[in-house]
Every structure is written in C-alpha cells, then in structure tokens.
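The values are calculated or read from the model by the stated rules, or taken from the named source; none is laboratory data. Because the structure is predicted, anything quoted here is derived from the model rather than measured. Methodologically, a virtual Cβ is constructed for each residue, glycine included, from the backbone with ideal geometry; neighbour enumeration extends over all protein chains shown.
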C-alpha cells in the first residue's frame, strides 16, 4: 500500500545521505493528483538539483572544455596530407607539446588554447581555470561568458535563485536526469527522522511558489516532448521553414 504523506509537486527534498539518494536536493515532479490519490506506487519522480558552483565547474565548464577539445581534434582530422582520426588525436596529438605540434603540422594554425586543455586533462587545473585560460588567449571575457550562460541557460537546465530551507543562493535543476525515490524514505521534516532499520534518507525542506513549480514542470515537459524524435527532425524542420519563408518572399 502506498504510504500517505503530505507532499505536493514542487516540494524540495533534502538528502541526508548522498550515497543513498545520488542527489543532494531534488524537486518533486510527481503530479499533485497522483500524490493526493495515492497513484504513484510508493515511488516519487524527482529532478536532481545541484548548487550553482557545482553546475559551473562540473557541467557548464566541463562541457565547454570538451567542446574546445573536439574543435581542435576536428582541425587535426581535417589536415590535408595527414591520416589523423579521433583515436590518433587522443593517443598521440593531444599528449604532445604545442611547439612540436606546430612544427610537425604547420597547417594546423594557432594552438594557444591547447596547453590549458592539456593541463585540464592531466588534472593540473579544474574546468573553470581551463576555460578562463581559453578565454584569456582569445581576448574573451570569462565573466561575461559565464553570466550569459547562466542567464540564457540551455533547455535541459533550469536556474533557481534559491531553495526553501537551504542555505546559499543559486541552484540548477537537471531536467534531463529525472529519477525515482521511495516515498517511504522521506519525512516531512528533519526532526521527524527516526533512522529506522529501513532508513529515511530525505526530508521535505519546503516548497517552491506555485508559479515557479509550474514553470519547472513545464520546462521538464518541454525537454521530453522531443524524446523519441528522429535526429533529422530539427534539420528537416529548418529546411521546411526556409522553403516556406522563401516562397512567401517570392510572392511579394
């Protein structure tokens, strides 16, 4: 029988044991009607939430650095007169000093950002410092780039200013990483936790405002509305839109 507990969509769960939950904070996504009518089989659907600092280093900056590596890899793979593939790049090119690479492959162009990428690979610097280095050699503004990334966040991430009963400012809901969690391991308050044999590993920290919880749920639905579509869907859509626009222009 489903456990009766007074939860609603938009409640924020706080984990007391990350090893048991695999998240520190989570957004309850299960719909209110299912919660009220006990139609969720004891398992909540939740969206993990990370603090902004974790997101910046381990998701945003890491993704940006990998994109930089991929771009350099592509440049080497496209060099005329050299048979370089992705495996060769990572095994031989990416492990070689920049001066030697420029001498050996004169057509590759500037590699001023490569030392930062290599230091990141070797664990000498973290993703934030690596991206700062890349921005510096390109005369870019890291702060501006980061500010823009957090303001115009990608579709699968949702920025939250704060969480109820959680210290600090700035959090990010990871909409592409929904998971389930046993409601029997949740209490309504940290003071209610009894750490029984079964174990209770999370408590309700509070709830987001109605407008905000609806916005997060809607953003989640928007992300997953495209799941299952063929990879060519968006390209075909762009081509069709171009045809429509061009046909309208020709009629004028």
Please specify each residue of the stretch 106-131 satisfying the condition of being under 15 Å from residue 64 (Cα atoms), part of a loop (DSSP other than H, G, I, E, B) and without any contact (Cβ under 8 Å) to a residue 40 or more places away in the chain. 125
Just to be sure I understand the filter: pairs with C-beta atoms under 6 Å, separated by 6 or more residues or on different chains, first member in the stretch 163-179 and within 13 Å of residue 50 (Cβ to Cβ), second member assigned to a loop (DSSP other than H, G, I, E, B) and modelled with pLDDT of 90 or more. Which pairs pass? 171/163
Would you be able to say whether some residue in the stretch 56-73 is farther than 30 Å from residue 218 by Cα and part of a loop (DSSP other than H, G, I, E, B)? no
Can you say whether residue 40 is more than 23 Å from the chain's Cα centre (by Cα) and not in a helix (DSSP H, G or I), as far as the supplied structure shows? yes
From (1) in contact with a helix residue (DSSP H, G or I) (Cβ under 8 Å, 6 or more places away or on another chain); (2) outside the structural domain of residue 203 (by TED's automatic domain parsing); (3) within 30 Å of residue 164 (Cα to Cα), pick out the condition that doesn't hold for residue 27. (2)
Quick one: in the stretch 132-162, which of the residues that are touching a residue at least 40 places away in the same chain (Cβ under 8 Å) and part of a loop (DSSP other than H, G, I, E, B) is farthest from residue 202 (Cα to Cα)? 155
Tally time: how many residues in the stretch 2-37 are touching a residue at least 12 places away in the same chain (Cβ under 8 Å) and part of a helix (DSSP H, G or I)? 4
